[in-house]
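K.L.:
The structure's right below; bear with me while I get my questions together.
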Amino acid sequence: MISGWLWFRLTSNTGATLGLLRGHNLIFLVVSTLVVVAVAVVVLRGAAPGPLGAAALGAVAGGATSNAVDRIRLGGVIDFIEVHLWPTTFNLADAAIRIGVVLLVLALLLDLGRARRARGGGPLAR
C-alpha cells in the first residue's frame, strides 16, 4: 500500500475490464490480435495522425500484445494495481491501452483542427 490510495493485489482475469465476460479468454485473445494487426496496418500505411498518434497507437498495440501474451501463457491477464476510487484492479498493459486511446482521440482532434484551419475554415466550418 502507498499512502492509502494505491495497493498491489495479485489477481487473474479471464474477462475484460471490470470483470466483464469472465471465462471468454479466447474472444479477448482474438480481439487483441486484431487490434495489433489493425495498428500495424495503420502505421505501415503512414496513416497515423502525427507523432502523438503514432505514440498512442504504439501504447495500444503494446498493451494489447502484453495482455495477449498473458492470455496465451497463463490463461488470463494478471491484474495487480488497485487505486482508491477506481472500480477494479488493472495492470500496466490496461493502463497503456486506456492512455493510448485517449491520446489517439486527442491526436485525431488536433489533426482535424489543423485540416480545418488549412482549408480556411474556423472551428465551426464544415
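We did not get these values from a lab; they are worked out from the coordinates using the rules stated. The shown structure was predicted, so the numbers you read here are calculated from the model rather than taken from an experiment. For neighbour counting, all protein chains shown are included, and Cβ atoms are generated from backbone atoms with ideal geometry for every residue, glycine included.
K.L.:
What list of ³J(HN,Hα) values in whole Hz, one per residue of the range 34-44 in order, does the Karplus curve 6.51 cos²θ - 1.76 cosθ + 1.60 (θ = phi - 60°) give from phi, with Gly and Pro shown as x?
P.N.:
5, 5, 5, 5, 4, 4, 4, 4, 4, 5, 5
K.L.:
Now, a different point. Among Gly76, Gly62, Gly23, which one shows the highest mean-square fluctuation when the chain is modelled as a Gaussian network with alpha-carbon springs under 10 Å?
P.N.:
With Cα springs under 10 Å in the chain, the top fluctuation among Gly76, Gly62, Gly23 is at Gly23.
K.L.:
Hey, another quick one. Want the number for Arg73 to Trp86: 0.36 nm per residue separation, take away the alpha-carbon distance, what's left?
P.N.:
Details: separation 13, 0.36 × 13 = 4.68 nm, distance 2.72 nm.
That pair, Arg73 and Trp86, stretches by 2.0 nm at full extension.
K.L.:
Suppose we look only past 26 Å in the calculated P(r) of the chain. What percent of the Cα-Cα pairs does that tail hold?
P.N.:
Everything past 26 Å amounts to 36 percent.
K.L.:
By average Cβ neighbour count within 10 Å, what is the ranking of 80-92, 107-119 from highest down? Working shown, then result.
P.N.:
Numbers: 80-92: 14.2, 107-119: 12.6.
With the highest mean Cβ count within 10 Å placed first, the list reads 80-92, 107-119.
K.L.:
Could you work out how much longer the chain between Ala115 and Leu10 gets when fully extended? Use 0.36 nm per residue separation minus the Cα distance between them, nm to one decimal. It would help to have the intermediate numbers written out before the result.
P.N.:
On the way: separation 105, 0.36 × 105 = 37.80 nm, distance 4.59 nm.
This chain segment gains 33.2 nm when fully extended.
K.L.:
Turning to a different aspect of this structure: Which whole-Hz couplings ³J(HN,Hα) result when phi for each residue of the range 62-70 is put into the Karplus expression 6.51 cos²θ - 1.76 cosθ + 1.60, θ = phi - 60°, listed in order with x for Gly and Pro?
P.N.:
x, x, 5, 5, 4, 5, 5, 4, 4
K.L.:
Give me the one-decimal nm value for the distance between modelled label points at Val101 and Ala47, 7 Å along each residue's Cα-to-Cβ direction.
P.N.:
2.0 nm
K.L.:
Quote the relative contact order of the chain in percent (integer), defining contacts as alpha-carbon pairs under 8 Å separated by 6+ residues.
P.N.:
On the way: 166 pairs, mean separation 38.5, N = 126.
31 percent.
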